Structures are given as C-alpha cells and as structure tokens.
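Throughout, read-outs are computed from the coordinates displayed, never taken from laboratory work. All values reported here derive from a predicted model rather than from experimental measurement. FYI the Cβ positions are ideal-geometry reconstructions off the backbone, even for glycines, and counts take in every protein chain you see.
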Amino acid sequence: MAAPRGWLFRIVAGLAWAGLVALLPWSAGLPLLLLLATGVVGFDRRIPHYARLCRLALRWGLPGWLYALQRVLGGDLLAWGAALLGALVGFSLVVLLESMLDHRVRRSARVMRGPEWDELALAPMGPGAHIIELSRVAWRQAEPAFADPEGAPVQFESNGRGRGRYVFAAGIVIDKAGPQCCFGPGGRWFAAVLPGGRGHVLWDRHGASVHRLAGWQLSGWDGEQPWLARGADGVPAPLHEVLGQPRHRRHPLG
C-alpha cells in the first residue's frame, strides 16, 4: 500500500503546484520555471534529491504557466492554440534537458567504472619496484655575489657571525642562513645550511615555498626532488614525507 499512497501524494502535490502556478501572473511564473530549470542543472551532481524535486516541479509547473498564459491572451480558441503550441515546445525542451543530464550521468558512470576482469588478470601484481640512486649535493661557500642558474647573480650579505641572508634578483630574501649553499641539478631548488649545522633551509623556486627543516640534512637529489635524512647516518626520505605528506615511497641507494 505504500507505493500507491506515494504516487497518490505525488499526483495531488503536482496538481496543487500546477494550480498555484496557474493562479500566478504569467510574468511571475516564467522566472519561476527558469529558476527551476537552473536548479535541475545546478543540483544534478551536487544534490540529486533537490534536482529530482526541481524536475517534478518543472514538469507540473509548465502546464500551470501555460494556462495562465492563455488566460492573458483572452481564453479564446486562438489563445488555447498558442498554449498547446507552447506546451509542445516547453515539454520538448524539458525532455531535451533531462536527456542531456541523464546522458552525462551515464557517460560519467562509464568513465568511473572499474577495469574489467580480463584487464585485472593481465595487470601486473603490485606496484613496480624502482630503486634510485641519489645524486650528490654540490655544496659551495657563498661569496658576496655568485652565479644563479636562473637569473642574475645572488647577493650574500653576511653579518660576520656565521650567518647572513641571500638576496635574489627576483626580490626573494632567504635570511638567517649560513654561508654554505647549493642549487638543485636543474636550478629549481636552492638550499642553504642553517647556522650551527642545525639543519637546512630549502626554497622551491617554482612553487614559491620555503621550508626550514631543523634536524634534517640534505642527502641528495632524485632528479629535481630533494631527499633528506635525520643526521649523517639517517635513512633518506623524500621531502613530501619529511613534511608529512604521504605518497608512494621509493627506496634510494645512498
């Protein structure tokens, strides 16, 4: 009995909504229908329940608005003909809109569908092993002006107490750093030793982020990516793991 009662409630609610729209002026009903059509599109993926309610309200509200329109046109035979023509065009547009949305959902479902069993059977078991060898860090003693792989010379302003600041041509300043520094293999990264050997500071020149890593030592480079370790005898780890950003871990040969 629950299903018939549900359908009966929908029909009664739909008729009541259509009657309400029919009583409104046609100039007020038209923006309301357009708002419902916008709700169908906007809620289709975000809130499907609201999208279904907007669809039902649009289907039932369109006849009510057409009735209001023919009433304004005079209610004669010509007015009813215009209303029927409007019904044909309106419902065609509603069906076209719903068809496009349903087609998008089916296409998304096909894209998100998992691999078939034969693809799983032929797929390799587990991630492929990749052992890497870290390239050595080419440390240098900072001079008052030294070459930059990506621009004008870098200025190092020392305060005479084993620390200073690096001033780059782009206006970036790395302060409170020691005089030992280096660039990554491709020039993307700049590294400097913190005063007293307490760790290293790393600057990602493409990502515009600076990391001061106390207690970590730069062990080497995997391509363009820095690997660090806790002390000279620590196990090297990529920077994203040092920063607590889990990714797939690969084991280096120191």
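With both labels modelled 7 Å from their Cα along Cα-to-Cβ, the Arg136 to Ser209 distance reads 3.0 nm.
FRET efficiency for the Leu93 to Phe9 pair, using the beta carbon distance and R₀ = 25 Å, is estimated at 0.40.
Could you compute the net charge surrounding Arg198? Neighbours are other residues with a C-beta less than 12 Å from the C-beta of Arg198; K and R count +1, D and E count -1.
So the surrounding residues net to +3.
Each other residue within a Cβ distance under 12 Å of Val154 adds +1 if Lys or Arg and -1 if Asp or Glu, for a net charge of -1. Label separation (Leu34 vs Leu77): 3.4 nm, computed from points 7 Å beyond Cα along the C-beta direction.
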